[in-house]
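Here's the structure, in structure tokens; my notes come after.
The values are calculated or read from the model by the stated rules, or taken from the named source; none is laboratory data. All figures in this text were calculated on a predicted structure; none of them were measured in a lab. FYI the Cβ positions are ideal-geometry reconstructions off the backbone, even for glycines, and counts take in every protein chain you see. Please note that ligands, DNA and RNA were not included when accessible areas were found on the heavy atoms of the full protein model with its side chains. Shrake-Rupley method; radii C 1.70, N 1.55, O 1.52, S 1.80 Å.
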Amino acid sequence: MEWEIIYYSEALQEEISALPVGIQARYIHLTERMRIYGANLGMPHTKAMKNGLFEMRIKFKEGVGRVFYCILVNKRIVMLHSFIKKTKGTPPKELKMAVSRMNEVKENVDT
């Protein structure tokens, strides 16, 4: 059984579709691998953050993108939040948004 990719919202899906072309292509490639091999592709592609939050690390000549996600039972990966990095670390605002969405998803999960 393959893993299923779910999006927090349609707006997030559109946001990811609007990423620069190279970053978007890399995102598509990584999500195809995740469908087959699971959510944790390991560094440098994915990184476990904390409390069940993961980040997809996308680097291309247009810049660096991040997509936060979490994992649910029955092989479901929920994409929570995306952004283009402009600083060395992860901005607290972006991390806070991802954690908030993850908590909301996990509270409302149907197993």
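Values as computed for the structure displayed
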quantity: Value of relative contact order over the chain, rounded to a whole percent, pairs C-alpha under 8 Å and six or more apart; calculated: 26 percent
quantity: Shape parameters for segment 41-111, alpha-carbon atoms, Rg then Dmax in Å; calculated: 12.5, 40
quantity: Spin-label model distance (nm) - SER100 vs GLU10, 7 Å beyond Cα toward Cβ; calculated: 2.2 nm
quantity: Solvent-accessible surface ranking, highest first, for VAL67, VAL21, VAL109 at 1.4 angstrom; calculated: VAL21, VAL109, VAL67
